[in-house]
Amino acid sequence: MSEKVMLVLIGGRSAVPAITGVLQFLNDVDKIKFLLCEGEQYLQYQKNVETVIKQERQDLFYNNENDLKSVDPNNFDQVYLTVEKLCQDVVEIKYVNLTSVPQTMAISVYSYVQKKYKDILVFSVNTDKSQIIPLVFGSQTLPFNKRLTVENYIAMYGFNIFKKNKKYENNNNLEALLEYIVDHIEYSVQILSLIRRIAGEDIRPPKGVKISEKELSKLELSSEKLELFLKKLEEFKIINNLQISSKNINFKLETKENYAFLKGNWLEIFTYYSAKQCKFDSVEMGVELDNYRGEVDVFCVNNANAMICECKTGQKLDSDDLSILNSKAEKLGGNYCIKLFITSECELDEKFVNQAKNNRIVLVSGNQLTDINKILTDEMQNPTYPRR
């Protein structure tokens, strides 16, 4: 029985359409051959595609010397003769994806494979609609049967995941608490800010926290709201040994994790849970890349499109926060990667808002958090700043 081969074309501004097409039929083939546009960037794209293929199919046969050729994509004859040589020993090519390569290259390859192979599926990919489009009259589009994961997407840009936060992957125990915080965001942020200030930045739990009458008076908040909020934290075991008197309030922080939750992780977890509810293809939180300092708070991929979210609590927002988010996006697709800056603050400085607009960053303020699911879905499907 002859080997079933897939011919993978790589060109254009991104290799994402190429790998998306590959993944749909990867389990139906025995071997991969690559035809690339000339240039170092396309060789890098090919390496990245190969990395993703190996993530999914370790046993797939590929020989770099015989199964990879580069061409001038605007030279019809050269492309034709090169693909002929590349496929001279191939009895059965099953799939060819023409998406994203220059027109001359695509037509030349199409001319050759249609002439040589009878049972071949030549197609293009519509990543926005998750469709395979057969380039044959009368054929119906095919839905994706395999979606890109965050890990796949990151590999497409030459990185690997060094570490990610898995604690909340299948654990929605805090969802009700997070909804409560968001539903009462205006005084929630006041109380959380006060706890952070009193507990200090560098705490070593277990640690007792005491909120004095003087500190409480600064909140300009009813005692009923404060007590209800703290009892919610105790109910979900974020704080322990809560004691409330007319003079002060005492409680304990038993773990660094719980303090991190109060310090700001709650917003990242809330965004992660919300993104999961949107039913995107893949969602991860706390993603750290190898050979890169810093992390992506929440990383979403849907229909081969990426969206990254930076989550920040506290009032000290400045242009550096936006620059950091921009630098992450530049490494992960540039303007193809949608950027959201999500903050618990309800009032944002006009200068900061304008800086975000100039950087094509969508701001989500505290009073918008109740609509976060709609915002995430809308930005993924029809972004404020279109992908290009």
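The values are calculated or read from the model by the stated rules, or taken from the named source; none is laboratory data. Quick caveat: nothing in here was measured; it's all calculated off a predicted structure. Using ideal geometry, Cβ is built from the backbone for each residue, glycine included, and neighbour counts are taken over all protein chains shown. These accessible areas exclude ligands, DNA and RNA; they are computed on the full protein's heavy atoms, side chains included. Shrake-Rupley method; radii C 1.70, N 1.55, O 1.52, S 1.80 Å.
For this structure, a couple of remarks:
- Placing dummy labels 7 Å off each Cα toward the beta-carbon, the span from residue 129 to residue 290 is 3.8 nm.
- Listed by chain and number, the aspartates and glutamates whose C-alpha is less than 20 Å from the C-alpha of residue 118, apart from same-chain residues fewer than 8 away, are 3, 28, 30, 84, 89, 92.
- Amide H contacts for residue 4 (H built 1.01 Å from N in the peptide plane; partners 5 or more residues away or on another chain; cut-off under 5 Å): 30, 31.
- Per DSSP, loop GluC sites (Glu not before Pro) in the stretch 330-388 with at most 10 further Cβ within 10 Å: 347
- Count Lys and Arg as plus one, Asp and Glu as minus one, and take only other residues whose Cβ is under 13 Å from that of residue 59; the net charge is then 0.
- Taking all protein chains into account, the per residue accessible area for the chain stands at 49 Å² (1.4 Å probe).
- Fluctuation leader among 205, 73, 102 - the chain, Gaussian network, Cα springs under 10 angstrom: 205
- Adding -39500 (n - 2.57) for every DSSP H run of four residues or longer, then dividing by how many residues the chain holds, sets the calculated 222 nm ellipticity at -11500 deg cm²/dmol.
- Listed by chain and number, the aspartates and glutamates whose alpha-carbon sits under 12 Å from that of residue 164, ignoring those within fewer than 8 places in the same chain, are 151, 284, 288, 290, 295, 297.
- Out-of-range pairs (alpha-carbon distance over 27 Å; input 312/357; 146/256; 47/115; 146/312; 231/279): 146/256; 47/115; 146/312; 231/279
- 0 to 90° range, to nearest 10: angle between helix 40-56 axis and the chain longest Cα axis: 70
- Globularity index of the chain, i.e. its alpha-carbon radius of gyration over 2.2 N^0.38 Å: 1.23
- Relative to the longest principal axis of the Cα atoms of the chain, the long axis of helix 76-86 lies at roughly 90 degrees.
- In Hz, Karplus ³J(HN,Hα) per residue of the stretch 227-243 (6.51, -1.76, 1.60; θ = phi - 60°; x = Gly, Pro): 5, 4, 5, 5, 5, 5, 4, 5, 4, 9, 6, 7, 10, 9, 6, 5, 10
- Between 23, 142, 322, the GNM of the chain built on Cα springs shorter than 10 angstrom shows 142 fluctuating the most.
- Using C-alpha pairs below 8 Å separated by at least 6 residues, the relative contact order for the chain is 13 percent.
- Gaussian network model of the chain, Cα within-10 Å springs - most flexible of 93, 269, 203: 203
- Carbon/sulfur fraction of accessible area - the chain, other protein chains in place, 1.4 Å, %: 44
- Karplus 3J(HN,Hα) series, Hz, for the stretch 124-138 with 6.51 cos²θ - 1.76 cosθ + 1.60 (x for Gly, Pro): 10, 10, 10, 5, 5, 10, 6, 10, 9, 10, x, 8, 9, 4, x
- Added length on full extension, which subtracts the Cα-Cα distance from 0.36 nm per residue, residue 111 to residue 234: 37.4 nm
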